[in-house]
Amino acid sequence: MPTTHFCVHGHFYQPPREDPFTGEIPNEYGAGSYSNWTERIFNECYQPNAQVGNFQKISFNIGATLLVWMEKHHPETLKSIIKQESLVFQRTGVSNAMVQPYFHLIMPLASERDRNTMIRWGIKDYEKRFGHEPKGLWLPETAVDKGTLQALADHGIQFTILAPWQAKNPQLDTTQPYRVQLDNNKEIIVFFYNAFLSGEISFNPSASENADTFVHDWLLPQSELLQRGHEQLIMVATDGELYGHHQLYREKFLSYLMDGAVEKTGIEHYFPALWLRDHTVTQTAEIMENTSWSCHHGIERWRNVCGDAPSATWKKPVRDFLNGLADAIDTLYEIHLRDLVHDPWKLRDAYIDVLLGTTSLDDLLASHAITTLDSTQQSFVTTLLEAQFDRLRMFSSDAWFFYDLDRIETLNTLKYAAHATGLVELATGINPAYGSIDILARAHSEVSSLTGDVAFLGYLKKFEMLRQKK
Ligand SMILES: [Zn+2]
């Protein structure tokens, strides 16, 4: 029988929880003995998975916002994760780490310019941490359309992972990857994960109690069922937080699964870049646009009511408000910077180097300025760049994922929006939210009396108070 290969991909990510006014995560409700959720999940998942060496056994991606947090609060664990990846890279010549757009934006809902900035920032962040360029990119919520795949290919990305129902052909054989043809003679390779096994590991705790049992009762039957006479790759893709946080101690299950249980049966463990190193991809597939792995109504979950959250009428006004705000901020950004720098949008793309600490702000401004900027002009440009940072961060998909408006993730998004608004008003004297704030009054919580405009204006007031104190 032709060889079966097995791969687990873990998508590790936390919503940005930092208060934009302080840069720190405030104490969060419900995180138990930990001060916030990221810290709690670190202790339950990221650290134990690093300790048992899982980052050299699986395919993974870690969102940049989580990497930034870990570098600041737990640098030793981040070092261990990077070391594990580099052992794989040295051994195989290819990486088991994929990149992710810098913020967790639903890419089909983002403008083309935002999409490109997020891909560029993500790639820069990855290259700084791992010391080589990424070949694969994990899309937030695996949300996809042709424009997004085109943008990935244009940035040199070779492959991504999608859910099988994101292929046009519902009968598609998921045990091999496919070429997806794009414009300009470009293409991208898509691996479709095994929905049955991924669902069992994610949602059936008994599937992940014992790795040997999983191999015998779940994996081997799938391997035989799917066998079509060619070498096959069976891929499980889940949230990384499953292993230890959603289900306690599953880092041990994962570790033994990938380092003993699977190999005993003659199945080899693999990861996408290694498959591409050793195999030619011959089949082609087409994708269903505007689909994702976690909303069964395409991408509606992040912009409107859908069957996953049928009463969440706040989602559309929040999305519409942020789109209007982003347009107003961008217009002011362009008008005010076009006489100062060569290309305001190239400047925004390059701002990641300052965020990563690889370039100083002075050097960045000097290399983009049309003529030498005086100190007032420098601080003016800097303020508008800081506003762009939160104007991008405010689109993090977490804001729309849950059922109610009155939740940390949605309120954080309104905080980022208020911070961006306050900075732009401070620099230009014009409030970019002025024309769209009414839309936000239509967004209301069902569990409290909170409405979007009240929350947003409260954060804007806080921004002004903090400014006056300075
Ligand atoms: Zn849905």
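FYI, it's all coordinate maths here, none of it is from the lab. What you are looking at is a predicted structure, and each value in this text was computed from that prediction instead of being measured. Cβ atoms come from the backbone with ideal geometry, glycine included; neighbour counts cover every protein chain shown.
Counting other C-beta atoms within 10 Å, which of ARG467, ARG319 has the fewest, and how do the rest follow? All intermediate terms of the calculation are to be shown ahead of the outcome.
Values: ARG467 13, ARG319 20.
By the 10 Å Cβ count, ascending, the order reads ARG467, ARG319.
Which peptide among 379-389, 365-375 comes first, and what is the full order, when sorted by highest mean count of other Cβ atoms within 10 Å? Mind dumping the intermediate values first?
Values: 379-389: 20.4, 365-375: 13.3.
Ranked from most to least packed, the peptides come out as 379-389, 365-375.
Which percentage, to the nearest 5, of the DSSP beta bridges contained in the chain is antiparallel? All intermediate terms of the calculation are to be shown ahead of the outcome.
Values: 9 of 33 bridges.
Taking every DSSP beta bridge within the chain, about 25 percent pair in antiparallel fashion.
Determine, from the Cβ-Cβ distance of GLU446 and TYR34 and an R0 of 41 Å, the FRET efficiency 1/(1 + (r/R0)^6), rounded to the nearest 0.05.
Details: r = 28 Å, r/R0 = 0.69.
Working from the Cβ atoms, E equals 0.90.
Would you mind computing, in nm to one decimal, how far apart the modelled labels at THR372 and THR282 are, each placed 7 Å from Cα along Cα→Cβ?
Going from the THR372 label point to the THR282 one covers 6.5 nm.
If the limit is 18 Å between Cα atoms, which of LYS57/LYS264; LYS72/LYS128; LYS124/LYS346; LYS346/LYS415; LYS72/LYS252 go over it?
Values: LYS57/LYS264 15 Å; LYS72/LYS128 15 Å; LYS124/LYS346 14 Å; LYS346/LYS415 26 Å; LYS72/LYS252 26 Å.
Those over the limit are LYS346/LYS415; LYS72/LYS252.
If contacts are Cα pairs under 8 angstrom and at least 6 residues apart, what is the relative contact order of the range 300-469 in percent? Before the final figure, lay out the partial values.
Numbers: 209 pairs, mean separation 44.6, N = 170.
It comes to 26 percent, rounded to a whole number.
Quick one: what does P(r) look like for the chain with 10 Å bins over all Cα pairs, in whole %?
4, 19, 30, 27, 14, 5, 1, 0
For the ranges 303-311, 98-106, 116-124, what's the packing order if you count other beta-carbon atoms within 10 Å of each residue, average per peptide, and put the highest first? The partial results should precede the final answer.
Numbers: 303-311: 14.4, 98-106: 26.6, 116-124: 21.8.
The peptides rank, most packed first, as 98-106, 116-124, 303-311.
Mind sorting ASP339, ASP259, ASP125 by how few other Cβ atoms lie within 10 Å of their own Cβ, fewest first? Walk me through the intermediate numbers first.
Details: ASP339 9, ASP259 16, ASP125 23.
By the 10 Å Cβ count, ascending: ASP339, ASP259, ASP125.
Regarding the range 300-469, what whole-number volume in Å³ per residue does the convex hull of its Cα atoms give? All intermediate terms of the calculation are to be shown ahead of the outcome.
Numbers: hull volume 20.0 nm³, N = 170.
Taking only Cα atoms, the range 300-469 has a hull volume of 118 Å³ per residue.
Tell me the mean residue ellipticity at 222 nm calculated for the chain from its helices only (DSSP H runs of n ≥ 4, each -39500 (n - 2.57), averaged over every residue, nearest 500).
Values: 19 runs with 209 residues, N = 470.
My calculation for the chain gives -13500 deg cm²/dmol from helical runs alone.
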